[in-house]
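The values are calculated or read from the model by the stated rules, or taken from the named source; none is laboratory data. Because the structure is predicted, anything quoted here is derived from the model rather than measured. All Cβ positions, glycine included, derive from the backbone under ideal geometry; neighbour counts span all protein chains shown.
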Amino acid sequence: MRWSVPSKLLRTPPEGEGPTSVLEVDLAGGVSTVPLEGETPREEDVLVGLFDGVVWYARAAERPTAPVTDFRRTPTELVATASALVRWHAGAPRCEVCHGPTRSVVRGQRRQCDDCGALLFYRTDPAVIVAITDEADRLLLARQRTWAVGRVSVIAGFVEPGESLEQACAREALEEVNLALDSIRYFGSQPWPFPRSLMLGFTARVNDPGTLQVDGFEIVEADFLTKRELEERLGQGKVTLPGPASIGRALIDSWRH
């Protein structure tokens, strides 16, 4: 999926725009690989949008009748949107104004408070992910505490209140691996519906890689690798990279090639 090109998904088509199809979505974010045969949208179904001439809806299902996929395996706008919206509605968020109960409105594009009438909009949590290289063009790869031994990626974290995206990159690098970043540059972005993030990718340089020190809390291993060293470790099965659907993998592959 090329996330830098305009979307082909029209998220708010007019009523009666075209034929409809319904996809079941489980509460873990799995989306059925085929639509429900002969099924028309119900009032509680969530509008996903018009795609390839079909108006798609998503329906919450504890056990979908068809096999399911997820965004890691099928990184498309249709899967990302269906998964994210169904999980948002399943949480039945309270009103942000009066904390009253809310209900789905506008074909699932909004929620409305039953007490004060305020509208709730789906919220996205911004997170940065940054590929850090040194002056020798070595790439920093790190392992989180919760990951299996050998699984590595680049540094990432959520944006905190009151900071820019670039400041978030610098803070995460300093907190997790004790590195001061320079030349922070935007790379690209992608949705990450686990459950509702937007990943914003960056590249950066570090002038003093010798200060590298993991925090021991979130990051337990980290090292700068040359392209040759990484390929050798991959060939020996000593490291595993992020899946091809993730922007983390795109950042790594951009450096590799």
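Considering only residues that are touching a Phe, Trp or Tyr at 6+ places or on another chain (Cβ under 9 Å) and either in a loop (DSSP other than H, G, I, E, B) or acidic (Asp, Glu) (or both), look in the stretch 50-74 and name the one that is surrounded by the most Cβ atoms within 10 Å (Cβ to Cβ).
That would be Phe71.
Got a number for residues in the stretch 84-139 being within 22 Å of the chain's Cα centre (by Cα), closer than 21 Å to Glu44 by Cα and in a loop (DSSP other than H, G, I, E, B)?
So the answer is 6.
Which residue out of Ser32, Ser4 is more than 21 Å from Pro244 (Cβ to Cβ), outside the structural domain of Pro242 (by TED's automatic domain parsing) and of a type outside the set (A, V, I, L, M, F, W, C)?
The unique qualifying residue is Ser32.
Please go through the stretch 1-49 and pick out each residue that is in a loop (DSSP other than H, G, I, E, B), of a type in the set (A, V, I, L, M) and in contact with a helix residue (DSSP H, G or I) (Cβ under 6 Å, 6 or more places away or on another chain).
Of everything in the stretch 1-49, those that are in a loop (DSSP other than H, G, I, E, B), of a type in the set (A, V, I, L, M) and in contact with a helix residue (DSSP H, G or I) (Cβ under 6 Å, 6 or more places away or on another chain) turn out to be Leu9, Leu27.
Within 25 Å of the chain's Cα centre (by Cα) and either crowded, with 20+ Cβ neighbours inside 10 Å or under 30 Å from Gly30 (Cβ atoms) (or both): which single residue out of Phe194, Phe217 fits that description?
Every option except Phe194 fails the conditions.
Out of (1) surrounded by 13 or more Cβ atoms within 10 Å (Cβ to Cβ); (2) farther than 17 Å from Ala66 by Cα; (3) touching a residue at least 40 places away in the same chain (Cβ under 8 Å), the odd one out for Val31 is which?
(2)
What single numbered condition from (1) of a type outside the set (Gly, Ala, Ser); (2) modelled with pLDDT under 95; (3) under 19 Å from the mean Cα position of the chain (by Cα) fails to hold for His257?
Of everything listed in (1) of a type outside the set (Gly, Ala, Ser); (2) modelled with pLDDT under 95; (3) under 19 Å from the mean Cα position of the chain (by Cα), His257 misses just condition (3).
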